[in-house]
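Chemist: Below is a structure I'd like to ask you about.
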Amino acid sequence: MIAYENLALVNEPFVAEFRQAFGDFQRRGWYVLGNEVSSFEVEFASYLGVKYCVGVASGLDAITIALQSLELPKGSEVLVAANSYIACVLGILHAGLKPVLVDPDVSTYNLSTDNLSAHVTQNTSAILAVHMYGKVCPMPEIMSFAKERNLLVVEDCAQAHGASVDGKKAGSFGDAAAFSFYPSKNLGALGDGGAICCANAAIQDRARKLRNYGRSNRDLNEMIGYNSRLDELQAMFLRIKLHSLDKMNKRKQEIAEFYFKNIREEFILPAKDSRFLDVFHIFTVRCKERDDLRDFLKTKGVEAMIHYPLAPSRQEAFKSFDFASKRFPISEEIHETTLSIPSSVYLTESDVGKVVSAVNAFL
């Protein structure tokens, strides 16, 4: 069976270096918000081309704290793609704001200014731009759109480590950006982790306080904060992997290019645009018989996944929200027809060839 993902194989190249670094870490005896976190924050900010990075405990916390750090009016509206992962909606809610779901572009699965326009009201304060599957939203256009309407922008870069548009990396456009380092991400930790990145000193100062009980020093708590600190061990591992992120992304791009060249045109594959450098966190294939295709691939020894089978608007947790009764036809089509096929960095040429043969054989 060609597994959709095998994290043991993904992380195997880094284990020896991590074990060596762990010895130094243990001898230092500083296990929370120490040198590993502060060094990773500097290195990751430099990689993105931004001034500040604040390590937090998860991607969800990164979204929540990033939005809170913008000091948006309580209860104001945040526009977000209707096909986003549920964490995006939860982060908006935890920040005391109102999510407004917007159908994405049918070819990119991301927000576009065309779809945003109809949803801006006098209560709209921000846009949460979610970079789905490893493709950046059209951020230059979204930033211009937001500036014209006095809106702030947070990027959700959980699936877009190293992706770019017009040569500028995801996470360097918005007023703030949220990252997840969940193990399956392109830059994945050995557990949970996240980060908030920005260029504004005041935003990063609020984020640092919020992640650590709302305090500016050990004895002074200025805000109602959280215990949401990136773990030192996770930061250590992320520092080791960060040096190989572009190499890992390049391998995923090579696999994607093989799929583009060889999967039959009857399937709908990710949109390609020379402006965008995609990192293919997830490589999607769309067809109306999605569930049948997944079952067929299993019989051929290929594991495929669905990201995501149920839209946020259809989740039980949100049944009392106004968007639960609304239709999002583009989002619903994406959720009903999209299948994720293996695209992990450890796959061999033989593996991707077998995936292609199995997909094409379905027809």
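The values are calculated or read from the model by the stated rules, or taken from the named source; none is laboratory data. Computed from a prediction, not measured in an experiment: that's the story for all the values here. Here the Cβ positions follow ideal geometry from the backbone for every residue, glycine too, while neighbour counts run over all protein chains shown.
Chemist: Could you please give the count of residues in region 198-222 that are of a type in the set (Asp, Glu) and at pLDDT below 95?
Modeler: Going through region 198-222 one residue at a time, the tally reaches 2.
Chemist: Please determine, by comparing only the residues of region 107-149 that are charged (D, E, K, R) and over 15 Å from the mean Cα position of the chain (by Cα), which one is surrounded by the most Cβ atoms within 10 Å (Cβ to Cβ).
Modeler: Ranking the qualifying residues of region 107-149, first place goes to GLU141.
Chemist: Please go through (1) surrounded by fewer than 13 Cβ atoms within 10 Å (Cβ to Cβ); (2) among the hydrophobic types (A, V, I, L, M, F, W, C); (3) modelled with pLDDT of 95 or more; (4) part of a loop (DSSP other than H, G, I, E, B) for ALA271 and return the number of the only condition it doesn't satisfy.
Modeler: Of (1) surrounded by fewer than 13 Cβ atoms within 10 Å (Cβ to Cβ); (2) among the hydrophobic types (A, V, I, L, M, F, W, C); (3) modelled with pLDDT of 95 or more; (4) part of a loop (DSSP other than H, G, I, E, B), only one is false for ALA271: (1).
Chemist: Separate question: Taking the stated definitions as given, is VAL37 in the same structural domain as LEU233 (by TED's automatic domain parsing), of a type in the set (Val, Ile, Thr), in a helix (DSSP H, G or I) and loosely packed, with under 15 Cβ neighbours inside 10 Å?
Modeler: No; evaluated as a whole, the condition is false for this residue.
Chemist: Please pick out the residue among ALA146, ALA158 that is assigned to a loop (DSSP other than H, G, I, E, B), among the small types (Gly, Ala, Ser) and either in the same structural domain as ARG229 (by TED's automatic domain parsing) or in contact with a Leu (Cβ under 6 Å, 6 or more places away or on another chain) (or both).
Modeler: One residue alone meets the criteria, ALA158.
Chemist: Can you say whether LEU230 is of a type in the set (A, V, I, L, M) and at pLDDT below 95, as far as the supplied structure shows?
Modeler: no
Chemist: Given the structure, is TYR133 under 15 Å from ALA163 (Cβ atoms), touching a residue at least 60 places away in the same chain (Cβ under 8 Å), touching a helix residue (DSSP H, G or I) at 6+ places or on another chain (Cβ under 7 Å) and outside any strand (DSSP E or B)?
Modeler: no
Chemist: Which condition number does ALA95 fail, the rest of (1) crowded, with 20+ Cβ neighbours inside 10 Å; (2) touching a residue at least 40 places away in the same chain (Cβ under 8 Å); (3) closer than 30 Å to ASP231 by Cα; (4) not polar (S, T, N, Q) being met?
Modeler: Exception for ALA95: condition (2).
Chemist: Follow-up. Name, by its number, the condition in (1) charged (D, E, K, R); (2) assigned to a helix (DSSP H, G or I); (3) closer than 19 Å to VAL345 by Cα; (4) within 21 Å of the chain's Cα centre (by Cα) that does not hold for GLU12.
Modeler: Single failed check for GLU12: (4).
Chemist: Now for a different question. Kindly provide the set of residues from region 160-197 that are surrounded by 21 or more Cβ atoms within 10 Å (Cβ to Cβ) and either in contact with a Ser or Thr (Cβ under 8 Å, 6 or more places away or on another chain) or modelled with pLDDT under 95 (or both), ordered by number.
Modeler: ALA170, ALA176, SER180, GLY193, GLY194, ILE196, CYS197
Chemist: Identify, by number, the condition in (1) surrounded by fewer than 20 Cβ atoms within 10 Å (Cβ to Cβ); (2) touching an Asp or Glu at 6+ places or on another chain (Cβ under 9 Å); (3) at pLDDT 95 or above that SER84 doesn't meet.
Modeler: For SER84, the failing item is (1).
So that you can scan it fast, the table gives a plain yes or no per residue for (1) in contact (Cβ under 8 Å) with a residue 24 or more places away in the chain; (2) among the β-branched types (Val, Ile, Thr); (3) part of a helix (DSSP H, G or I):
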position: GLU266; (1), (2), (3): yes, no, no
position: LYS288; (1), (2), (3): yes, no, no
position: HIS307; (1), (2), (3): yes, no, no
position: SER320; (1), (2), (3): no, no, no
position: ALA324; (1), (2), (3): no, no, yes
position: SER331; (1), (2), (3): yes, no, yes
position: ILE334; (1), (2), (3): yes, yes, yes
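Chemist: Could you check how many residues of region 221-266 are aromatic (Phe, Trp, Tyr), outside the structural domain of TYR47 (by TED's automatic domain parsing) and surrounded by 19 or more Cβ atoms within 10 Å (Cβ to Cβ)?
Modeler: 1
Chemist: Quick one: is SER69 over 30 Å from ARG327 (Cβ atoms), among the polar types (S, T, N, Q), surrounded by 20 or more Cβ atoms within 10 Å (Cβ to Cβ) and in the same structural domain as MET132 (by TED's automatic domain parsing)?
Modeler: Here the answer is yes, as SER69 does meet what is asked.
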